[in-house]
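What follows is a set of notes on a single structure, which appears directly below.
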Amino acid sequence: MSDVRLTIDDREVVVPEGTTILEAARSVGIEIPHFCYHPGLSAPSNCRMCLVEVQGQDKLVPSCATAVADGMVVRTGTPRVHESHRSVMEFYLSNHPLDCPVCDQAGECVLQDYSYGWGSATSRFEETKVTQPVKDVGPDIVLYADRCIMCTRCVRFLREVSGTGELSVIHRGVRSEIHVAGDRPVTNPLAGNIVDICPVGALCSKDFLFKCRVWWLTSTASACPRCARACSIRVDSSEGRILRIKPRENAAVNGMWICDEGRFAFRQWHGAGRLDVPLVNGDRGFTHCDWDEAIALAARSLRQVAMRYGGESVAFIGSPWATIEENMLLARLFVSLGATMGSLWPAPAESPQRFPGFEISGEKAWNVAGARRTLMDVAGQLLTLDRLADEIERGRVRAVYALGGAYRGALVPCDDLGLELLEFFAIQTCFVTDKGLKANLILPGASPYEKVGTVRNERGVLQEVNAVMSPPGQARRDWDILMALAKALAATVDDDLTRAVLDRPAAQWNYTRSASGNE
Amino acid sequence: MTHLPGPIFNAPGRATADRGLPTPAYDTPRPGPQKEKRLSARPTFFQRLIVPGLLRTWWSGVRHIWQKKLTVQWPEQVREVSDNYRGVHRLNKDDRGRMKCVACFLCQTACPANCIRIEAGPSPWPDRPKYAVRFTIDELRCVFCGMCEEACPEDAIELTRIYSLVGTRRDEMLFDKEQLLTMYDLTRDEKHPLRW
Ligand code: SF4
Ligand code: SF4
Ligand code: SF4
Ligand code: FES
C-alpha cells in the first residue's frame, strides 16, 4: 500500500493509505477526542465527538471514519472544532445522571475527562431527564443504563469479537437503550471486555463494583498465567490485594482483549487454602517447620541420595507455572549436582476456544513453551512423566525435586509417578493437595502474581512479569527458595548464574515489551 | 513603635465577652498605653541587681491576684468555642433518618491525615446505588482541618463543636458509623451559621 502525506495541525504526517484521520493523528501523538471509535472495533461514527476541520470542506468531518488523502490539511483545534466538542458534550451531559461520586468509572471515565475540556458547569436543560433502570447483563456485568451514551462499543464487541451478539440497541433517539434479552445474558467467555471498553460507567463489573475508587489502584504490568497465550495484562491492586485485571494492548500476544478466565484467575491463586508455611513430613504426619530447617533438610537429603546412588539418581521436575528464570535455575542447580533426568509437569489441557476476534489456548498454564525450552536448553533432554515414572520404578531415580505453583484445583499429576518408591520428594507449590501429601517436604512458593521474571507464550513471545504483592505468610518466591537451596548445597550456583539469568540481554531473548495500556 | 510581646492571655475576648466568659482572644492588643521600651542586648546595672529582680518577679505574680482570672476551671466551667469551631465529626441523616452518605470516598480522598476509612456496599434504598457499610474515623489521627466536610457532595459529613474527646485506649478513638451517626443526634439542633 502506498503512503499518503498529509498535514495535521501543521505537522507533516505520512501514513499508509486507508488510515483514518483519527489514527493518523494518533500516530503522531495528536489525540482527537472520541467515544464510539475503538481501535479494535469497526467505526460506526455515531458519537460525533471526533469532528475535525478539513481544508476545502464546508462541514466538519468525523475523523474516525474519514480516510486520509494526499495533501489533506486537517485542523483539530480550531474554534469551530472546539465549539463542536462543546455542543456534543452539552448534548451528552444534558441527559446524563452526573452521578460521578457514586460511579465506579469516575477517575478513568472518558466522558468525565472530556467534561473538563469541553463541558459546561451549568446546564440549559430544563426538561426531565430520561431515567433508565439498572439492568443485570450477565453473571459478572451490570448495566447502569442511565449513564450509557449509546456509543455501541459493547454491541459491536459482542458482534465482531466474541461473535455472540447478546446485546442490541432498541428504541430510538433519547429513548434508545442497550437491550439484553432476558433469556440470553452476556455469558460468553470474553464478556468482561465490554466493561473495559465502555467509555463511561454504564457497564460495570460486579466483582469490582464499589470495592475501590480507581485512583487508589496500583497498576502492575504482567502476563496472564491462566493459559499458554499469556495475554498482556495490567493487575490493579490496592493494599496488597488484587482487585481487578485488565488487558494491555499487545499486538503480538492478545491484541486488546483477555478472556474472563484470565480476568478472574487471581481468585484461583488467592484466598483461603494458600500454603504459607513449609511443611515437613515426619513421624506425626505433616508439621510446620521453619525455612532454615526445611532448606537444610532438602539439601541434606539430596546430597545423601546423590552420594549413595550417584548424581543421576536425583531428578527434577520443572513447572509451566514457574518463570523461565526459575526453571533455568532449577535445571542448572540439579545438573550441577549430577542429575541427568528432568521432566516438566504437563499443563491441564482443555479444548481451545475460538472466536471471530480472539482465541483462548487449551493449554492452561502461561509458560509451557518457556519452561520446556529452558529445561531442554540446560538439561539437554526432557523425559515425559511416564518415562520418569519408569525410571523411578526401576530404582534409577531415588529423589525428585519439583517446582509446582498450579492454581487451586489443578493438581500436579503425580499419582502414577510412584512417589512412594522415592527416598525423597520435595515440591514448591501454592496449595497442598491430597496428592502432594506423598512428599517429604512441601515448600510454600509464590503465585504467578507474586513473581518476577520472564515467560514465553505458545507463540514464542517473551514477556516480563512483575510482582503485584509479596507471597502470603512465610511463603517465598520460588527463585528465592531455589537460591537458598543452592546455597545450602554449596553447589556451583553463584552470583554468576544469577547475573547470567537476570542480565541476559533482551535482544537475545527476542524480548517483546508489550505496548502500553489500551485506554 | 515597637510592641513588646505581651502575655498571650491578656484580655477578655470580644467574640464571647457578652457571655461573660473569660475566653481569651489571641489578637486583642494589650489595653492601656504602651510604653515604648528600648531593647538592648546588655542589661543595665539596675537590671543586674538581684534583689530588685526578685522583687519584680514577686510583684508580677502578686499583681495578677487582682486581675481578671483567665484560667477556665474545666470541667466545672465549660469553655465556649466559636461558631465555626471544628471538633468531632458527625454523619448527617436525611429527613427520613437515613445516613446521607453515599460512599463516594471523596472525604477519604481529601483527608490529608488519612484517617477516614469507608467500606461501600449496595445500598438498601432505591435512591442511591451504594452506601457506606462501614465508616470509621480515627479521631486521634484527624487534624480537624475540615477538608472532608469541604469535599462531601452530599453534606453528609460535618465537624461539630464538640471538642471534649476522652478515651483510655486508642481503639476507642476509632469512631465507627454508629458513633458518628449518634454525634448527629446529639448535635442535630445546633446551628452553625458560619459553615452550615
Ligand atoms: S453501555 Fe457503554 S459501551 Fe455500551 S453503548 Fe453504552 S456507553 Fe457504549
Ligand atoms: S477534618 Fe481533616 S484530618 Fe480530620 S477527617 Fe476530615 S479531612 Fe481528615
Ligand atoms: S464525601 Fe460525603 S458522601 Fe462521600 S463518602 Fe464522605 S461522607 Fe459519604
Ligand atoms: S469517534 Fe468518530 S463519531 Fe464517534
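The values are calculated or read from the model by the stated rules, or taken from the named source; none is laboratory data. Please read these numbers as outputs of a predicted model, since none were measured by experiment. Cβ placement follows ideal geometry from the backbone for every residue including glycine, while neighbour counts extend to all protein chains displayed. Surface accessibility is based on the protein's heavy atoms, side chains included, excluding ligands, DNA and RNA. Shrake-Rupley method; radii C 1.70, N 1.55, O 1.52, S 1.80 Å.
Name the strands (runs of 3 or more DSSP E) wholly inside region A:1-105 in which the number of residues that are touching a helix residue (DSSP H, G or I) at 6+ places or on another chain (Cβ under 8 Å) and open to solvent by 70 Å² or more (accessible area, probe 1.4 Å) is 1 or more.
Hits in region A:1-105: A:73-75.
I'd like the full set of residues that are at the interface with chain A (Cβ under 9 Å from one of its Cβ atoms) and either out of contact with any strand residue (DSSP E or B) (no Cβ under 7 Å at 6 or more places or on another chain) or closer than 16 Å to residue B:178 by Cα (or both), limited to region B:94-120.
B:102, B:103, B:104, B:106, B:109, B:119, B:120
Is there a residue in region B:144-161 that is of a type in the set (Val, Ile, Thr), open to solvent by 30 Å² or more (accessible area, probe 1.4 Å) and away from ligand 1 (no atom under 16 Å from the Cβ)?
Scanning region B:144-161 turns up no residue that is of a type in the set (Val, Ile, Thr), open to solvent by 30 Å² or more (accessible area, probe 1.4 Å) and away from ligand 1 (no atom under 16 Å from the Cβ).
May I ask you to list the residues in region A:450-459 that are under 20 Å from residue A:247 (Cβ atoms), surrounded by fewer than 24 Cβ atoms within 10 Å (Cβ to Cβ) and out of contact with any helix residue (DSSP H, G or I) (no Cβ under 6 Å at 6 or more places or on another chain)?
The one that is under 20 Å from residue A:247 (Cβ atoms), surrounded by fewer than 24 Cβ atoms within 10 Å (Cβ to Cβ) and out of contact with any helix residue (DSSP H, G or I) (no Cβ under 6 Å at 6 or more places or on another chain): A:459.
Please verify whether region A:184-200 includes one or more residues that are touching a helix residue (DSSP H, G or I) at 6+ places or on another chain (Cβ under 9 Å), within 14 Å of another protein chain (Cβ to nearest Cβ), closer than 22 Å to residue B:130 by Cβ and of a type in the set (Gly, Ala, Ser).
no
Going through region B:137-180 one residue at a time, which ones are under 23 Å from residue A:211 (Cβ atoms) and within 12 Å of ligand 3 (Cβ to nearest atom)?
B:137, B:148, B:151, B:152, B:153, B:154, B:156, B:157, B:177, B:180
Tally up the residues in region A:389-415 that are of a type outside the set (Lys, Arg) and under 33 Å from the mean Cα position of the chain (by Cα), please.
15
Against the definition (over 26 Å from residue A:388 (Cα atoms) and buried (at least 18 other Cβ atoms within 10 Å of the Cβ)), how does residue A:433 come out, yes or no?
So residue A:433 does not fit the description; no.
Considering each of B:63, B:96 in turn, give the residue that is assigned to a loop (DSSP other than H, G, I, E, B) and either among the β-branched types (Val, Ile, Thr) or away from ligand 2 (no atom under 16 Å from the Cβ) (or both).
Result of the check over B:63, B:96: B:96.
Condition check: within 12 Å of another protein chain (Cβ to nearest Cβ), assigned to a loop (DSSP other than H, G, I, E, B) and free of Cβ contacts under 8 Å to residues at least 40 places away in the same chain. Does residue B:127 satisfy that?
When the stated conditions are applied, residue B:127 passes them.
Please specify each residue of region A:326-357 satisfying the condition of being of a type outside the set (Ser, Thr, Tyr), in a loop (DSSP other than H, G, I, E, B) and free of Cβ contacts under 8 Å to residues at least 60 places away in the same chain.
A:338, A:339, A:350, A:352
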